[in-house]
Structures are given as C-alpha cells and as structure tokens.
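Right, one structure below, let's go through it.
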Amino acid sequence: MRAAAISTPRLNKMPGIFFASANPSELKGSDHSLLDDKIQKKRPKAFGTDLKAYLKSMLPHLESGIKSSKSKDILSITEVRQWSQSLEKLLTNQTGQAVFGNFLKSEFSEENIEFWLACEDYKRTESDHLHCKAEKIYKAFVQSDATKQINIDFHTRESTAKNIQVPTPTSFDEAQKVIYTLMERDSYPRFLKSEVYLKLLNELQG
C-alpha cells in the first residue's frame, strides 16, 4: 500500500467550496516567507457552508440536497451518526462509501476500498463469470506488480492466487478480511476525526 500523506492530502481534484488564499501583502510579520506562502496556497481549505452544493459536486451519482429529517432525505443526521458506530455501518451506506472513498484518496490508499467493493461485487457474480472477474481483480489488486496493489502478507497473496485457479464466490475472502481489518484499525479512526466527517456532521446538526 502506498504511503499515507495525512497532513497534506491530495484533494486538488476533489470538488468543494474553498476560501481564497490570503494576499501576501496583507499578512503581518516579517517571518512570512515566499515558501510559506506557496505552501499556504497549496493547502486544502475548509469546506464552505454550502453543504448541499458540496455533496452534489462530490457525489454526482446521488441526488442533490439535504432535506429535513422528517422527509425522505438522501442523507440524514441519523445516517451520518451511524457511520461512527462501526466501519460496517459506514460501508453499507452508499453515501458513506463515497465520502470514505474520497477520504482514502486524500491519504493515497483508495485501493483498499476499491478492492473491498470489488470483492463484494464478485460475491454476487454468476458462476459462469467468476473466472473472468476473479482474474481481473487479481491482476488489478493482488499480484505483485498490480497497478493498485493492496497491502497483504505473502501467505495471503499466495493463497489467493491458488484460490482463483478454480474460482468460487469465496476466493477473495481471506484477502478482503485483511484489507477490511486494515481500514478498520488504521484509516477509519482517522476518518472519524477528519474535517470531512466532522464538518458534514456539524452541518447536518445545524
């Protein structure tokens, strides 16, 4: 798995509402260098107050809008609170998957949720198509030179390679469990403390 870069997440492609960088000439103090100014410009800013527009741009596959909790909303405060109960609760929610996926992209570890979701889809695949899909998942995430190689131990990698020789719906279960545990212990706790989650929670509470 690629190294995380928590302090300076790569969110330049992630749509949202941002504040403009401060004008260097307006900053006080003599210790403000040009390098500091460049870093300031590159650093992602906090979400704007227009949460509806943010969700619409970040999650284009969903309908836009945050509605009253009394109506049929696409995202309620109850749902978002449930995300903090467990990783399972988060991943069983379509919006939760998307928000968590964007957070993982900021940490350069989106291959974890992509693999987990691919495994979930694989389990629902008809038997006639298992071999083809298993090969695609293995080449994309498991093999040693995979473009989105997941962080699993040698034994699990070898075991998965053997399992897909005669593919069954459970061929990737061992590897999927390893990645789930990795996200649960590593990325998930940071997500719950992240500005992404806390800002969303605060907006809905307001």
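The values are calculated or read from the model by the stated rules, or taken from the named source; none is laboratory data. Nothing here was measured: the structure is a model prediction, and the numbers come from that model. Here Cβ is always computed from backbone atoms with ideal geometry, including for glycine, and neighbour counts include all displayed protein chains. These accessible areas exclude ligands, DNA and RNA; they are computed on the full protein's heavy atoms, side chains included. Shrake-Rupley method; radii C 1.70, N 1.55, O 1.52, S 1.80 Å.
Rolling a 1.4 angstrom probe over the protein heavy atoms, how many square angstrom per residue are accessible across the stretch 76-204?
Accessible area per residue: 51 Å².
Given 5 Å bins starting at zero, what is the percent of C-alpha pairs of the stretch 76-204 in each, up to the one with the largest pair distance?
The percentages, shortest bin first, are 2, 11, 21, 21, 16, 13, 8, 5, 2, 0.
Just read off the accessible area of E158 with the full protein assembly in place, 1.4 Å probe, to the nearest 10 Å².
80 Å²
List, in order, the whole-Hz ³J(HN,Hα) value for each residue of the stretch 177-191 obtained from phi through the Karplus relation with A = 6.51, B = -1.76, C = 1.60 and θ = phi - 60°; use x for Gly and Pro.
5, 4, 5, 4, 4, 4, 5, 5, 8, 10, 6, 4, x, 5, 4
Taking every eigenvalue of the Cα gyration tensor of the stretch 128-206, multiplying by 5 and rooting it, what semi-axes result, largest first, whole Å? Don't skip to the end; give the middle numbers.
Values: eigenvalues 221, 40, 24 Å².
So the three semi-axes of the stretch 128-206 are 33, 14, 11 Å.
To the nearest 10 Å², what's R81's accessible area with a 1.4 Å probe?
R81 exposes around 120 Å² with every protein chain in place.
Under 20 Å from a point placed 7 Å out from the Cα of K177 along the Cα-to-Cβ direction: which residues of the stretch 76-104 have their backbone N that close?
Under 20 Å, as judged by backbone N against the label point of K177, lie 87-89, 91-92 of the stretch 76-104.
May I ask you to give the percent of accessible area on the stretch 73-206 that is carbon plus sulfur, with a probe radius of 1.4 Å?
Ligands and nucleic acids excluded, carbon and sulfur give 48 percent.
Under a 1.4 angstrom probe, counting protein chains only, how are E114, E135, E107 ranked by accessible area, largest first?
On the way: E114 55, E135 80, E107 5 Å².
Sorted descending by solvent-accessible area, the residues read E135, E114, E107.
So if I place +1 on the C-beta of Lys and Arg and -1 on the C-beta of Asp and Glu, and nothing else carries charge, what would the dipole magnitude of the stretch 76-204 be about its Cα centre? I want it in debye, nearest 20. Don't skip to the answer; put the middle values down first.
Numbers: 16 positive and 20 negative charges, 33 e Å.
Computed about the Cα centre, the dipole is about 160 debye.
Calculate the spin-label point distance for T92 paired with K162, positioning each point 7 Å from the Cα along the beta-carbon direction, and give it in nanometres.
3.3 nm
I'd like the accessible area for D128, computed on protein heavy atoms only with a 1.4 Å probe and all protein chains in place. Round to 10 Å², please.
Here the accessible area works out near 130 Å².
Any idea how far apart L192 and D128 come out in nm if each label point goes 7 Å out from Cα toward Cβ?
4.5 nm
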